[in-house]
Amino acid sequence: MLQGGVSTKRDATLNGDASGLYTANTLSVASSRPPPPRAPSNPPALARVAVVDDDRLARDRVVSLLRARGHQVTAFESATRLLEAYKQAAFDLVLLDVVMEGMSGVEACRILKAREEGFVPVVLVTSRADPDARVEGLRIGADDYVCKPFEEEELLARVSSMLRIKRAFDQLAASRNRMAELAVLDDLTGLYNVRYLQQRFAEEWKRAERHREPLAIAMLDVDHFKLVNDQHGHDVGDAVLREVSTRLKGSVRDTDVVARYGGEEFVVLLPSTQLAAALVVAERIRKAIGSRRVETARARLDVTTSIGVALYPSRGVSSKDQLLRAADAALYRAKEEGRDRICVHQEQMYVFLPEDDS
Ligand code: GH3
Ligand code: MG
Ligand code: MG
């Protein structure tokens, strides 16, 4: 019987070399999803426009002008109403009358611009043509202004120009998000890269220490992978790594962190996970990769992995580097014990010799 209630199928032998490792070779199943991609937020060519004016005639004129151009227009009779609706609705442009009963357009603009939710252009529509009023509007963050009475073509031209800027801004924001995503992903497999792993590992370690929560780590290495490259070529090797990554990702929860550690080596961080649960996950991974042949363009291959598991807290593990080294030592032992198996670093120092599960 192993610690944490995981039962052995055959016998558990005390390992006399005090290495703190045991190996296992048992089974179970499950699945999960990779993190969802972030959707870009391009506004449609036809925009969602908010028109705010306390004068009904002036408001209706702008609304019908914009609707005639196909825009989706919502009209508000006061700045307060706009601000209430603004939390739920997403607008691509706001046209704000300046002189209104209650809250002025300038004040509403100041409030809108203080929110950091991407870029939504605000155009002030003002009957105050004096330069001071215009300067004040622009100073508090308005993006443009139109003087009343306005030419319809001028208003439409300013609306188009603002929407062009809005679209450019959103495209830039989307590609910046995509770049940030790519910066943390491994090119070949789409798993997290080492840089991201190190950052998350540091965070998860701090959290585990502070809240006295367990943190498990599994380190995997594909067995005899060099043979795959040698016998079938590097591109088949790459395809195998991609398929291994897919099966690996499909075997863990969304909250677990799966990274390519280098070459054919992978690391899974399992936050808030005790030893018994970590073993179940490791076994699920081993089975997901090894129980079905990997199909590539030129070959169907049997692929197996060796997995080292370590847990914080456990004896001899008082830093995150020690936790990583413990998993690495356990992986090394799994290789030594014959590959296609799990080895666990723990204080009881058991070597587990499982029943043949084929
Ligand atoms: P073991 O069971 O002891 O792990 O044996 P192994 O052959 O898997 O280990 P070894 O470290 O000798 O070989 C790893 C091989 O992985 C060698 C290297 O060329 C290959 N490799 C590393 N990165 C990539 C990659 O991105 N694509 C491909 N196709 N091969 C890679
Ligand atoms: Mg290997
Ligand atoms: Mg290796």
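Where a number appears in this text, it was derived from the coordinates with a stated rule and is not lab data. Bear in mind the structure is a predicted one, so any value in this text is a computation, not a measurement. Note: ideal-geometry Cβ built from the backbone for every residue, glycine included; neighbour counts use all protein chains shown.
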Point-to-point label distance, SER319-GLN72, nm (Cα→Cβ direction, 7 Å offset): 5.6
Diffusion coefficient, µm² s⁻¹, Stokes-Einstein with Kirkwood Rh over alpha-carbon pairs of segment 48-181 at 20 °C and 1.002 mPa s: 142
Electrostatic dipole magnitude of segment 121-232 [Cβ: Lys, Arg +1; Asp, Glu -1; Cα centre; debye, to 20]: 320
³J(HN,Hα) computed for each position of segment 188-194 - Karplus, 6.51 cos²θ - 1.76 cosθ + 1.60, integer Hz, glycine/proline x: 6, 9, x, 6, 5, 8, 5
Loop-located trypsin sites (Lys or Arg not before Pro) in segment 62-137 whose Cβ has at most 14 other Cβ within 10 Å (DSSP): ARG69, LYS87, ARG115
Residues whose placed amide H lies under 5 Å from that of VAL252, excluding near-sequence neighbours: SER32
Sparse-neighbour loop sites [GluC sites (Glu not before Pro); segment 80-175; at most 13 other C-beta within 10 Å; DSSP]: GLU101, GLU116, GLU117, GLU151
